[in-house]
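The values are calculated or read from the model by the stated rules, or taken from the named source; none is laboratory data. Not measured: the values here are computed from a predicted model. Quick reminder, even Gly has a Cβ in these numbers, built from the backbone with ideal geometry, and neighbours come from all protein chains shown. For the accessible areas, the whole protein counts, side chains as well, though only heavy atoms, and no ligand, DNA or RNA atoms are used. Shrake-Rupley method; radii C 1.70, N 1.55, O 1.52, S 1.80 Å.
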Amino acid sequence: MTFSNISRRSALQAMAGAGALLVLGGCAPAQGGSAGGATSAASQTAAQARESLKWWQDIIVYEAYPKSFLDTEGQGTGTINGITEKLDYLASLGVGAIWLTPVYRSPMKDNGYDVADYYDIDPRFGTMADFERLVSEAGRRDIRIVMDLVMNHTSNESAWFQESSSSRDNDKADWYIWRDPADVDAVASTADAAGANASADTASTGTPADAYPTNWRSIFGGPAWTWCEARQQFYLHTFADFQPDLNWECKAMREELFRMARFWLDKGVGGFRIDAVTYIKKPEFENGEPDAADGMSGIHAATANTPGILDFLHEFKREVLANTDAFAVGEANGVPSDQLREWVGEDGVFDMIFEFSHILVPLGGKEVWHEPTDWKLTDLKAAITASEQSTAESGWYPIFFENHDQARSVDQFMPNARDKQAAAKTLGCVLMTLRGTPFLYQGEELGMGNVAWPSIDYYDDISSHNQYNAALEAGKSEEEALAGVHAHSRDNARTPMQWDDSANAGFTTGEPWLPVHDDYETSNAEAQDADPNSVLSWYRDLAELRRALPVLAAGDYRELMAESEQVFAFERTCGQDRAVVLANFTEETVSYDASPAEGLTCMLGTHGPTELGVLRPLEAVVLA
């Protein structure tokens with residue numbers, strides 16, 4: 001029997017309500033299989049395991065980038081009320097939590113990751129009353145709001161930093177990381193060399209290299225130290241010079257951060273995503289081995305995951321999360337998969353962490369955009385499997401292919417695919433069926449792709465400009481430097497959400513802060529909602545299937561066909577319940593050994609009726 005996507009969704013909804021299994025997608029049963037696929041007793045095993053999951057383990061999290069989601073004011077940037085307006089749309093995707101990137105009061109030099117006031121909503125997004133209404137309306141739909149906590153640094157316009165930078169003996173003097181110059185004479189004239197992005201009393205350029213406390217290069221490029229004339233000292237910034245690092249060695253500062261987090265829990269939020277958390281603990285301040293012609297050493301290698309960091313984070317867990325049902329997921333770039341057990345689980349510091357081994361596969365494990373890397377599907381599969389295995393006994397895996405800092409997954413992981421919509425469905429199938437909590441980024445459910453603007457001047461993202469300039473300094477041509485930006489810019493993920501085919505994709509009645517993707521007239525939520533074969537419809541089917549099959553929520557993970565450079569295949573098991581996922585990452589027909597599918601029936605497939613043992617180009621199937 002073959003079902004359209006609309007009838008499939010109705011059937012899946014019935015399955016979710018009744019706990020039954022149903023043959024979907026028109027796949028031929030495996031040899032020895034039957035239309036039922038599994039016994040009710042076996043199904044009950046997975047259902048019982050599912051009942052033991054915490055609420056955040058059995059949901060889909062949707063990351064909203066508020067600035068680009070929906071503008072209800074005609075100002076060209078998105079608003080909190082825009083998210084509230086689209087809650088029913090998000091509910092239709094099976095979303096159980098919405099992660100908001102920062103909406104705190106901010107100068108917005110780094111789109112909110114430069115916080116000026118943790119206790120207030122930035123007027124560009126709305127008011128605290130708007131936020132409280134969002135929490136309330138989302139709650140009515142069984143959706144919880146997750147806040148983005150930026151606790152490594154603040155804005156240099158924060159009242160905390162303004163006080164700290166005013167003298168060496170104020171109440172917040174130790175709230176940031178201050179160091180004397182390595183050579184006092186070398187900085188005698190730096191007050192006249194204020195950088196364009198530095199505050200009025202600081203200078204970030206023109207300082208001799210031997211004056212800096214260390215030779216560390218910031219992640220956004222340039223020295224990681226900026227001079228403060230008032231204190232006659234440098235302050236450290238892992239990122240831009242307008243983002244001074246907080247000093248986690250200062251107990252009073254930590255206590256204020258914890259109080260701030262509890263403030264948002266009292267507002268009703270369901271959890272936190274912790275930004276750039278691996279940098280909060282600093283090592284000894286010593287020079288690193290120069291890794292480029294500028295004579296500097298990348299700060300990531302010097303400071304990421306410094307011993308002692310877990311002590312701080314256990315304190316955060318005790319002071320903020322204890323005796324609540326809120327969850328915390330850390331952005332943990334720098335934590336290898338073999339250390340995940342120390343970070344997540346009952347004895348860890350977080351419920352989940354984002355680590356980037358699989359995301360960095362197309363970049364060869366490093367973030368240098370102008371150095372293309374050849375990679376294979378087995379590299380991606382191995383990275384995902386390592387993370388799955390590391391959290392199998394303790395902890396939980398946040399599954400993601402996109403976020404606000406990454407290029408669009410369909411171009412990142414399938415750059416040569418001619419049929420981008422089919423490629424997006426294949427990636428979506430993997431995302432929604434791995435063990436863990438799926439994190440879906442706005443527009444990913446539409447299969448949105450990268451942009452390729454004709455000049456670096458079109459790009460807002462600070463890292464895009466820094467990577468472009470670094471490419472030129474490395475001897476690349478402007479065309480080569482721009483190609484790296486096209487492939488990896490954070491602005492790829494930040495173009496306005498495409499709601500319909502009206503002007504500016506229905507995002508705003510004003511001038512959008514970033515140009516809308518040029519395919520919005522044909523690729524938008526309204527058009528895909530009406531198309532049962534669209535990427536959006538496919539994601540809704542996957543969400544219903546995840547609800548209907550307990551093994552997809554509670555089952556273990558085991559990779560299949562690990563050596564294949566064409567197919568990503570894995571098995572989910574719980575007692576006698578079993579599901580197998582097969583995803584062809586190529587545009588060629590692939591034959592495979594169908595024995596892992598013995599006794600299983602196709603529940604959902606991208607290509608309609610199909611034959612077990614054969615996958616058509618970019619075909620993905622779920623068997624159970």
remark   = Scanning the stretch 297-348 for residues that are closer than 20 Å to residue 58 by Cα, of a type in the set (Val, Ile, Thr) and part of a loop (DSSP other than H, G, I, E, B) gives 324
inquiry  = Can you list the helices (runs of 4 or more DSSP H) lying wholly within the stretch 518-624 that have 1 or more residues being hydrophobic (A, V, I, L, M, F, W, C), farther than 30 Å from residue 507 by Cα and in contact with a helix residue (DSSP H, G or I) (Cβ under 7 Å, 6 or more places away or on another chain)?
reply    = 535-548, 550-554
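This table checks each residue for (1) open to solvent by less than 30 Å² (accessible area, probe 1.4 Å); (2) closer than 28 Å to residue 396 by Cα; (3) touching a Leu at 6+ places or on another chain (Cβ under 7 Å).
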{"position": "56", "(1), (2), (3)": "yes, yes, no"}
{"position": "64", "(1), (2), (3)": "yes, yes, yes"}
{"position": "67", "(1), (2), (3)": "no, no, no"}
{"position": "73", "(1), (2), (3)": "no, no, no"}
{"position": "78", "(1), (2), (3)": "yes, no, yes"}
{"position": "84", "(1), (2), (3)": "yes, no, yes"}
{"position": "97", "(1), (2), (3)": "yes, yes, no"}
{"position": "103", "(1), (2), (3)": "yes, yes, no"}
{"position": "106", "(1), (2), (3)": "yes, no, no"}
message = Yes or no: the stretch 197-219 includes at least one residue that is at pLDDT 95 or above, over 20 Å from residue 108 (Cβ atoms), of a type in the set (Lys, Arg) and touching a Gly at 6+ places or on another chain (Cβ under 7 Å).
response = yes
task = Name the one entry in 493, 487, 470 that is in contact (Cβ under 8 Å) with a residue 60 or more places away in the chain and in contact with a His (Cβ under 6 Å, 6 or more places away or on another chain).
result = 493
ask   = Conditions: (1) in contact (Cβ under 8 Å) with a residue 40 or more places away in the chain; (2) open to solvent by 20 Å² or more (accessible area, probe 1.4 Å). Residue 595 meets all but one. Number of the miss?
value = (1)
inquiry  = What's the total number of residues in the stretch 499-527 that are touching a Ser or Thr at 6+ places or on another chain (Cβ under 6 Å) and open to solvent by less than 10 Å² (accessible area, probe 1.4 Å)?
reply    = 1
query = When you go through (1) more than 20 Å from residue 512 (Cβ to Cβ); (2) modelled with pLDDT of 95 or more; (3) crowded, with 19+ Cβ neighbours inside 10 Å; (4) touching a helix residue (DSSP H, G or I) at 6+ places or on another chain (Cβ under 8 Å) one by one for residue 146, which number turns out not to apply?
reply = (4)
key: Among (1) over 18 Å from residue 150 (Cα atoms); (2) out of contact with any Gly (no Cβ under 6 Å at 6 or more places or on another chain) - the single one residue 369 does not satisfy   = (2)
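Each row is one residue, and each column tells you yes or no for (1) crowded, with 17+ Cβ neighbours inside 10 Å; (2) part of a helix (DSSP H, G or I).
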position: 231; (1), (2): yes, no
position: 235; (1), (2): yes, no
position: 239; (1), (2): yes, no
position: 252; (1), (2): no, yes
position: 259; (1), (2): no, yes
position: 264; (1), (2): yes, yes
ask   = Residues of the stretch 149-186 being part of a loop (DSSP other than H, G, I, E, B), among the acidic types (Asp, Glu) and open to solvent by 70 Å² or more (accessible area, probe 1.4 Å), which ones?
value = 157, 169, 171, 174, 180
query = What are the residues in the stretch 278-321 that are free of Cβ contacts under 8 Å to residues at least 40 places away in the same chain and basic (Lys, Arg), if any?
reply = 281, 317, 318
query = Within the stretch 496-506, is even one residue closer than 25 Å to residue 540 by Cα, among the charged types (D, E, K, R) and assigned to a loop (DSSP other than H, G, I, E, B)?
reply = yes
ask   = For residues in the stretch 310-368 being closer than 27 Å to residue 378 by Cβ and of a type in the set (Ser, Thr, Tyr), which is most open to solvent (accessible area, probe 1.4 Å)?
value = 357
